[in-house]
Amino acid sequence: MKVIRVDESQATTIEPGRATKPLINIDVGAKNVSITWMETPAGWKSDPHTREVEEILYILSGKCAISTDKERFEATAGTIIFIPPGEKHQHENIGTQTFSQLVIFAPPLRR
């Protein structure tokens, strides 16, 4: 068993205001899933993209929108979003505060 305390994990700044904390991955022995805590500033928007793996988002705080070619969904804390492999999508912080989420990939993204 591995115990990870999110508040004790080291964050990495990706760009100003945007940070990640890898929580569960190959480094702790996980072979079939990865979980990363991610934080983004108000107004941040990803480029549209696809993944070859399942992506699950668990919204922790703030307000976001996830858009695909077919729909747009706004989410707040307590929402879980499943994005199947190959579905083009985009993440956006639509709130006035920092937005945080857990991002789960199954299987893990390749490094």
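What follows draws every value from the coordinates through simple rules; no lab data is involved. Please read these numbers as outputs of a predicted model, since none were measured by experiment. Note that we place each Cβ from the backbone using ideal geometry, even for glycine, and neighbour counts take in every protein chain shown.
Using a Gaussian network model of the chain with C-alpha springs under 10 Å, which one of K21, K63, K31 is most mobile by mean-square fluctuation?
Maximum fluctuation in the GNM of the chain, among the listed residues, is at K31.
Diagonalise the Cα gyration tensor of the chain and give the resulting equivalent ellipsoid semi-axes, square root of 5 times each eigenvalue, largest first, whole Å.
On the way: eigenvalues 96, 64, 29 Å².
Those come to 22, 18, 12 Å.
If we restrict to alpha carbons, what Rg and Dmax does region 1-58 come to, in Å?
Rg, Dmax (Cα atoms, Å): 13.0, 38.
Which whole-number percentage describes the relative contact order of the chain, with Cα contacts under 8 Å and a sequence gap of 6 or more?
It comes to 31 percent, rounded to a whole number.
Is any residue of region 62-82 close enough, with backbone N under 18 Å, to a label point placed 7 angstrom from the Cα of T96 along the Cα-Cβ axis, and if so, which?
62-65, 75-77
Comparing I35, I81, I66, which has the greatest mean-square fluctuation in the GNM of the chain with Cα pairs linked when under 10 Å apart?
I81
Once the convex hull of the C-alpha atoms of region 38-99 is built, how many Å³ does it hold per residue, rounded to a whole number? Let's see the in-between values first.
Values: hull volume 4.5 nm³, N = 62.
Looking at region 38-99, the number lands at 73 Å³ per residue.
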